[in-house]
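Peer 1: Starting off with a structure, shown below.
The values are calculated or read from the model by the stated rules, or taken from the named source; none is laboratory data. Note that the structure is a prediction, hence the values are computed from the model and not measured. So basically every Cβ, Gly included, is an ideal-geometry build from the backbone, and we count neighbours across all protein chains shown.
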């Protein structure tokens, strides 16, 4: 027999975990399914850790222009410790994820770690890390709150070395001397600013759609 809940939430990001908490507060028996880290993409690889990187870049920019604020740095010595900047960002993400775990426990929500697959009859099949599959059912329904992922361009395959995606860009061990950012949206501009502030030569490429007169 599959274990039964009132509500099952697939995905523990900022859409999933508040939904689970509210449902629990309303008296439902709730489970949340997460394949990686509580908090989802936003808390672990998106909004939160990128803002930590941006803050470090901003502080470094302030130091470089300290004179503009009437502040003198003795001997003019200042350097950005790239690994420490990355480490701080990852630490912030880990702390936030632990905070979500605390909220799950506080609100008596079962956390089911594994890959969730929604099946018929309000059933979610969860594949654990060891490959074991378990079915869970929800009497009231299933909420799908899954996050995003990097998408490859047709002729530019991600190899994790020369061509990297956002996760790798946020956890590099060494600072690259140069970086080509494809896309000038919010994410692309943020990465460009962070790396450029610490001395990486950054170029942004934007593909504009064809304009028909």
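Peer 1: Within the range 42-90, which residues are at pLDDT 90 or above and under 30 Å from residue 135 (Cβ atoms)?
Peer 2: 43, 44, 45
Peer 1: Out of all the residues in the range 73-86, is one or more within 15 Å of the chain's Cα centre (by Cα) and either in contact (Cβ under 8 Å) with a residue 40 or more places away in the chain or under 27 Å from residue 174 (Cβ atoms) (or both)? Spell out how you get there, then give the answer.
Peer 2: Going through the range 73-86, the residues within 15 Å of the chain's Cα centre (by Cα) turn out to be 86.
From what's left, either in contact (Cβ under 8 Å) with a residue 40 or more places away in the chain or under 27 Å from residue 174 (Cβ atoms) (or both): 86.
For the range 73-86, residues within 15 Å of the chain's Cα centre (by Cα) and either in contact (Cβ under 8 Å) with a residue 40 or more places away in the chain or under 27 Å from residue 174 (Cβ atoms) (or both): present.
Peer 1: Considering the range 155-205 alone, what residues qualify as being modelled with pLDDT under 90, in contact with a strand residue (DSSP E or B) (Cβ under 8 Å, 6 or more places away or on another chain) and either closer than 21 Å to residue 84 by Cβ or part of a loop (DSSP other than H, G, I, E, B) (or both)?
Peer 2: 183, 184
Peer 1: On the basis of being in contact (Cβ under 8 Å) with a residue 40 or more places away in the chain, farther than 30 Å from residue 64 by Cβ and in a strand (DSSP E or B), does residue 100 make the cut? Give the steps one after another, and end with the answer.
Peer 2: Details: in contact (Cβ under 8 Å) with a residue 40 or more places away in the chain: yes; farther than 30 Å from residue 64 by Cβ: yes; in a strand (DSSP E or B): no.
No.
Peer 1: Only residues in the range 135-151 that are at positive phi and outside any loop (DSSP other than H, G, I, E, B) count as the first member; pair them with residues that are at pLDDT 90 or above and surrounded by 19 or more Cβ atoms within 10 Å (Cβ to Cβ), Cβ under 9 angstrom, at least 6 apart or cross-chain, and list the lot.
Peer 2: 141/7; 141/8
Peer 1: Answer with yes or no whether residue 116 is over 19 Å from residue 12 (Cβ atoms) and not in a loop (DSSP other than H, G, I, E, B).
Peer 2: no
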